[in-house]
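The values are calculated or read from the model by the stated rules, or taken from the named source; none is laboratory data. Just so we're clear, the structure is a prediction, and the values are computed from it rather than from any experiment. We place every Cβ from the backbone using ideal geometry, glycine too, and count neighbours over all the protein chains shown.
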Amino acid sequence: MRQKMREIKERTIISAMLDRMDTMHVAMHDDPFPYVVPLNFGYEWQDNELVFFFHCAREGLKLDLLRQNPHVCVNVSAFISYASSSWRGHLHDYRSVTAYGMATEIDRTDRTAFLHAHECLLSHNHRKMMSGDEAAMQYITLWEIRCSAEQVFGKAEIVPHSVEEVPFYTGLGDGTPVSDAHIQGMHKDTVQE
């Protein structure tokens with residue numbers, strides 16, 4: 001990551017960011033262009049891996065692509081504009097988690113793993129299992145994307161240093177003048193004198 005001052009490594013903060021987001025974008029290999037789809041998701045940390053879960057139909061382009069090449073890039077993000085009144089000298093803020101991993105279809109005959117993935121997905125989407133959900137599961141596939149912790153990158157404009165700082169500020173601006181010093185500092189080696 002080029003802008004190290006915006007990097008977030010702490011799992012608790014990355015998790016708090018993911019907890020507030022509802023859509024992940026998954027980039028897959030296709031030719032001649034990558035193929036990207038938005039998906040709702042669930043997730044959990046398992047030892048040294050961040051594992052994303054998603055569901056989809058039992059056939060389609062993304063399944064064809066994932067079965068051909070399971071290497072994917074995941075991005076989950078959120079953005080807020082402070083254009084009417086700056087906050088901490090910024091006109092906007094964002095949170096993002098980008099991760100690289102391997103997608104694997106969860107074997108539906110492994111009932112424990114299949115139900116666990118489904119429950120993670122429901123939980124993240126603030127739902128509980130309802131009557132009819134289990135019958136409907138025969139029409140879907142469930143997938144996991146396993147991302148080594150070393151391949152998970154959190155980032156923010158105004159970096160939260162604790163879980164309590166993860167929610168975006170939504171009040172009135174604080175009067176701090178907008179500054180582009182952080183942008184100028186990133187490009188000081190490319191500025192011609």
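Quick notes on this one:
One line per residue, one yes/no per condition, for (1) assigned to a strand (DSSP E or B); (2) within 26 Å of TYR94 (Cβ to Cβ); (3) modelled with pLDDT under 85:
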position	(1), (2), (3)
ILE145	yes, yes, no
LEU172	no, yes, yes
VAL178	no, yes, yes
GLY185	no, yes, yes
LYS188	no, yes, yes
GLU193	no, no, yes
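- The set of residues in segment 67-117 being small (Gly, Ala, Ser), in contact with a Leu (Cβ under 8 Å, 6 or more places away or on another chain) and not in a strand (DSSP E or B) consists of ALA83, SER85, ALA117.
- Of residues in segment 68-86 being small (Gly, Ala, Ser) and modelled with pLDDT under 95, the one nearest to the chain's Cα centre (by Cα): ALA78
- The residues on offer are GLY101, GLY89, and the sole one that is surrounded by 16 or more Cβ atoms within 10 Å (Cβ to Cβ) and at pLDDT below 85 is GLY89.
- Matching residues in segment 19-66 - criterion: being surrounded by 16 or more Cβ atoms within 10 Å (Cβ to Cβ), in a helix (DSSP H, G or I) and among the hydrophobic types (A, V, I, L, M, F, W, C): LEU63, LEU65, LEU66
- Pair list, Cβ < 6 Å and 6+ apart or interchain, from segment 148-162 residues that are under 12 Å from MET17 (Cβ atoms) and in a loop (DSSP other than H, G, I, E, B) to residues that are β-branched (Val, Ile, Thr) and modelled with pLDDT of 95 or more: PRO160/ILE13
- Just one of the numbered conditions (1) over 21 Å from the mean Cα position of the chain (by Cα); (2) touching a residue at least 40 places away in the same chain (Cβ under 8 Å) is not true of ASP64: (2).
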